[in-house]
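First comes the structure, then the notes that go with it.
Each reported figure results from applying straightforward, stated rules to the coordinates on display, with no laboratory input. Everything quoted here is computed from the prediction, not taken from an experiment. Cβ placement follows ideal geometry from the backbone for every residue including glycine, while neighbour counts extend to all protein chains displayed.
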Amino acid sequence: MKIVYMTYGIHYSGGMERVLSVKANYFAEVLEYEVYIVITDGKGRSPFFKFSDKIQIIDLGINYRDLVGMNPLKKCIPYFLKKLRHQRKLSRLLNEIKPDISISMFQYEASVLHKIKDGSKKIIESHFCRAVDLLRNKEKHGISKYIAKYLFKKNSKIASRYDCLVTLTEDDLRLYDDVKSVRCIPNPLTITPPTYVLRNSPASTESAHDCVEADFPRDRKNTNILLAIGRISYQKGFDNLVKIWADIEKEFPNWELHIYGSHEDRPYYEYIQSMIQESKLNRIFIFNPTDNIEKVYEKSDLLAVTSNYEGFNLSIIEGMSYGLPVVSFDCPCGPGEILRGHDCGVLIAPGDNRAFANALRGFMSNSELRKRYSDKAYVRAKDFSIDNIMGKWITLFREL
């Protein structure tokens with residue numbers, strides 16, 4: 001089978017790029033499909049995540065991002081010309097490859113791919129939260145409100161022209177009620193955690209031969225780590241996390257807060273740094289993204305998610321696969337669907353920093369509580385194993 005993925009670039013360290021690398025590698029290495037990734041804005045930059053040597057990466061060199069920051073009126077014609085060139089080059093390429101499945105990541109190619117007659121079944125993936133668009137539209141006024149409504153409806157029209165739209169959550173799926181063919185397939189785990197015996201269980205459901213105790217450092221060292229992962233931006237709500245940490249830092253001298261994320265939003269990043277300095281917090285550490293995130297989860301004890309909104313939140317299932325209990329705001333979309341009803345984490349009403357701090361206190365002061373939730377987190381994470389999730393994709397391909 002031939003599969004072509006399309007997106008704007010793979011040099012970023014975001015969750016969408018990470019998931020793309022895992023899915024594409026699975027198709028190429030495990031199932032031995034012929035896999036292509038077609039990008040528009042590579043500019044010679046190397047992928048942040050590792051892609052199999054069996055995957056062909058093709059940059060069309062359209063470079064839409066060159067228009068970012070340009071006056072909206074002045075960029076209309078250049079953007080239109082780029083779209084025409086994009087459709088022409090992509091059409092030529094797909095008719096040469098003759099793929100069975102073509103997949104848009106809902107980037108610049110979304111309005112182009114469905115027009116191309118190459119014989120492939122066409123899928124579009126949504127990695128964003130539509131509920132947030134609805135909330136933002138309500139806050140807009142005047143002409144900006146009409147533009148927002150137009151773009152919202154336009155995305156539905158684009159999605160309806162594909163053979164199937166795939167969302168990451170059931171909540172997001174329900175907001176595409178005007179699209180006929182919609183399927184929910186969550187993100188898979190992008191890492192392979194060590195196998196370990198479930199804590200506080202009278203007997204493991206797995207044999208001793210298959211299940212080996214891993215050397216988890218939690219509760220075996222002098223310093224415990226509260227972990228947060230995500231781009232340093234408003235979306236991830238790290239301003240709230242700093243306020244929450246300021247409320248509890250002095251109570252827990254053996255705990256540190258570690259934040260891993262990119263700093264593209266410099267004003268917000270500098271705002272976070274100023275908050276830390278003004279509050280005189282000396283046990284918050286911000287690190288750059290790492291391609292060895294497994295080591296980060298392995299040395300951590302608890303995961304905090306203070307996002308204002310999500311498309312899914314990959315760090316939750318990754319952290320749970322390493323046995324991390326989770327405290328998260330119940331924001332749209334993702335955390336609630338992952339955590340609710342599984343006793344592997346605590347959901348907090350969005351914006352309730354006091355309740356969030358109290359939930360952290362409960363875990364940080366009680367190692368036995370952490371262990372109980374850790375066992376449940378590890379079990380829940382298995383629902384998102386690569387084999388389980390990729391099986392859903394294979395089923396979809398067969399049904400199209």
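Annotation for LYS280 and ALA355: the two label points, set 7 Å from Cα along the Cα-Cβ direction, are 3.2 nm apart.
Max-minus-min Cα coordinates of the chain on each principal axis give 60, 56, 40 Å, with the largest extent listed first.
Which of PHE48, PHE287, PHE329 moves most in a GNM of the chain, Cα contacts under 10 Å? Highest fluctuation among the options: PHE287. For region 259-273, the Karplus equation 6.51 cos²θ - 1.76 cosθ + 1.60, evaluated at θ = phi - 60°, returns couplings of 10, 10, x, 7, 10, 4, 7, 4, x, 5, 4, 5, 5, 4, 4 Hz by residue, with Gly and Pro reported as x. Counting lysine pairs in region 224-384 whose alpha carbons fall under 27 angstrom apart, excluding pairs fewer than 8 residues apart on the same chain, gives 23. Length gained on full extension, GLU270 to MET70, computed as 0.36 nm times the residue gap minus the Cα-Cα distance: 69.5 nm. Taking label positions 7 Å along the Cα-Cβ direction at both LEU400 and TYR234, the computed distance is 3.5 nm, reported to one decimal. The lysines within cross-link reach of LYS117, meaning a Cα-to-Cα straight distance under 22 Å and a gap of 8 or more places when in the same chain, are LYS2, LYS82, LYS83, LYS89, LYS98, LYS154, LYS157, LYS180. For ASN254 and ARG45, the difference between the fully extended length at 0.36 nm per residue and the C-alpha to C-alpha distance is 71.2 nm. Each label point was placed 7 Å from the Cα along the Cα-to-Cβ direction; for ASN63 and THR223 their separation is 4.4 nm.
Along its three principal directions, the equivalent ellipsoid of region 224-384 from the Cα gyration tensor extends over semi-axes of 22, 17, 15 Å, largest first. Sorting LEU339, LEU324, LEU227 by the number of Cβ atoms found within 10 Å of their own Cβ, with the fewest placed first, yields LEU227, LEU339, LEU324. Kindly state, to the nearest 0.05, the FRET efficiency for SER262 paired with TYR150, given R0 = 30 Å and r defined as their beta-carbon distance. So the FRET efficiency works out to roughly 0.45. Using the Cα coordinates of region 293-400, the gyration tensor eigenvalues translate into equivalent-ellipsoid semi-axes of 26, 17, 11 Å, sorted from longest to shortest.
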